[in-house]
Every structure is written in structure tokens, then in C-alpha cells.
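Below is one structure, written out as C-alpha cells; comments come after it.
The values are calculated or read from the model by the stated rules, or taken from the named source; none is laboratory data. Everything numeric here is computed off the predicted structure, so don't read it as measured data. Cβ coordinates were reconstructed from backbone atoms using ideal geometry, including for glycine residues, and neighbour counts include every protein chain displayed. Each accessible area value is taken on the protein alone, full model and side chains, heavy atoms only, with ligands, DNA and RNA left out. Shrake-Rupley method; radii C 1.70, N 1.55, O 1.52, S 1.80 Å.
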Amino acid sequence: MDKKIILLLASYILGFSNSYAKVTSFNIDSTKFKKEVALELDSIFFKDQEYRKQYIQLARNGADKNELAIASNNIRIADSLNLITVTKILDHDGWMGPQDIGMFASQGLFLVIQHANLTIQEKYLPIVEEAEKNGKTLSSNLAILKDRIAVRKGQEQPYGSQGFTDKKTKKNFIYPIMDINNLDKRRAAMGLPPMVEYVPGWNIEKYNTDLPEIKEAIKKMKQ
């Protein structure tokens, strides 16, 4: 029996962040799933999140550099192994939405690409775009992927989803954003909440004031 599933997914820079996607509902009939692929990608989804949660918890608990380095390496190893599996699946079967393999499994496809290197992200971006167009992935997924690609290429991000912490000052910043005055319009078009709901205390004036400091911090990170 088909079930209408309304989704509220969350994601952080390493995981999910609060977003209400334009594509938020899927007609799902689990009897029609590609079972073997669904099970494999379910496992990948939870592995992807497990290691990132471990890292975040260690960081919050004040773990030393060695513990964090081990946790970070575990993430890299898992990502590499997950990427091998996911790229094989995508190249053979194409993108599969929640209708095909379930929500967690489909989100597993996205997360692995989201956490891959720039070359992989750019290669599979058209597939994610097509999936969003066909209602087979959250619109917010596409927005976040486009932001991450832009940031990695040193460009202004369109949706303001990507941030960083200045290691020296410990200040939290959002990477540079294109056409800041129309940011919330673009976010709404992709089902993302207003920026003030995404970043506590957000306002455009403060962002513009901080922008030179943001750019300088980014410059130092690249050195």
C-alpha cells in the first residue's frame, strides 16, 4: 500500500541541517523496492552518519588531537569505500529515489556524492539535477551540493548553506554568498528556510560588515 511520507530532514556541515525541501513528499511502496540495492545503500547511509557523529561528539567533549585525527581518518576510509560502491551503482542503475529504494537508501546516494571530492561532485551534479527535476531527491540536496561545489571552486555560493569556523578566532562564518539581497528568495525556491532560521542572529548588515574578515580567513586557510 502506498504511503505519503512528508519529510523533515536535518543536516549540519558534516551531517544534515534543518531544511524544508521543495520536494518533500514521495509516494513509497516498499514492495516495489530494489531490495538488494536498498539494503546496501541503507547500510552506507548509516555508516556515513555514524562516523561523523562520532567525530562531532569527540570534538564537543574536548578530545585531544590524536583522537580527532583517528576519527577523521575513519571518516576518510569509510567515504572512500562508500564512494566505490555508490559510483558503481550510479553508473549501472542511475539515480534511485525513495520511490525505488526507500528514503535512507536514496539519501545515502546523495551523502556519498556530497562528501566526495570536487571532481566527483561535478561529474554527478547533472544526475542530481535530473533527480530533483523528476522528484527523486530533495530540492535542498541539490542546493547544498551546488553550494559546496561553488565554495570548493572559490566562487560565491547561491544558497548560503556552507559555513566554517576560523581556527584562530573561533568565530563561525558563512562562506561568501552571491546576490545577498535575493538570498532568501533563492532559498525558498529550493525549499530552504529563511537564513535567519538557519543561522541564529543572521542579518545582511552584519554579514556585509564581516565579509572582509571572512575573505581574509579563507585566504589564510588556503595558505
Problem - Residues located in region 49-79, provided they are surrounded by 13 or more Cβ atoms within 10 Å (Cβ to Cβ), farther than 16 Å from Val112 by Cα and of a type in the set (Gly, Ala, Ser) - result: Ala59, Ala63, Ala71
Exercise for the section: Could you please let me know if Ser161 is in a loop (DSSP other than H, G, I, E, B) and in contact (Cβ under 8 Å) with a residue 40 or more places away in the chain? Expected result: yes
Practice task
Pull up region 196-218, narrow it to residues that are within 22 Å of Lys168 (Cβ to Cβ), of a type in the set (Val, Ile, Thr) and without any contact (Cβ under 8 Å) to a residue 40 or more places away in the chain, then point me to the one that is least open to solvent (accessible area, probe 1.4 Å).
Solution key: Val199
Problem - Inter-residue pairs, beta-carbon under 6 Å, first under 15 Å from Val196 (Cα atoms) and open to solvent by 20 Å² or more (accessible area, probe 1.4 Å) and in region 172-184, second part of a loop (DSSP other than H, G, I, E, B) and of a type in the set (Gly, Ala, Ser), 6+ apart - result: Ile174/Gly160
Exercise for the section: Collect the residues in region 80-94 that are open to solvent by 30 Å² or more (accessible area, probe 1.4 Å) and under 18 Å from the mean Cα position of the chain (by Cα), keeping them in residue-number order. Expected result: Ser80, Leu83
Problem - Lone qualifier among Pro158, Pro176 - being over 16 Å from the mean Cα position of the chain (by Cα) and of a type outside the set (Lys, Arg) - result: Pro176
Handout entry: Of residues in region 95-135 being touching a residue at least 60 places away in the same chain (Cβ under 8 Å) and not in a helix (DSSP H, G or I), the one nearest to the chain's Cα centre (by Cα)
Key = His115
Exercise for the section: Please state which one of Ala105, Ala116, Ala78 is aliphatic (A, V, I, L, M) and either under 24 Å from Lys32 (Cα atoms) or in contact with a strand residue (DSSP E or B) (Cβ under 8 Å, 6 or more places away or on another chain) (or both). Expected result: Ala105
Exercise for the section: Answer yes or no as to whether Leu41 is open to solvent by less than 90 Å² (accessible area, probe 1.4 Å), at pLDDT 75 or above, within 22 Å of Ile84 (Cα to Cα) and outside any loop (DSSP other than H, G, I, E, B). Expected result: yes
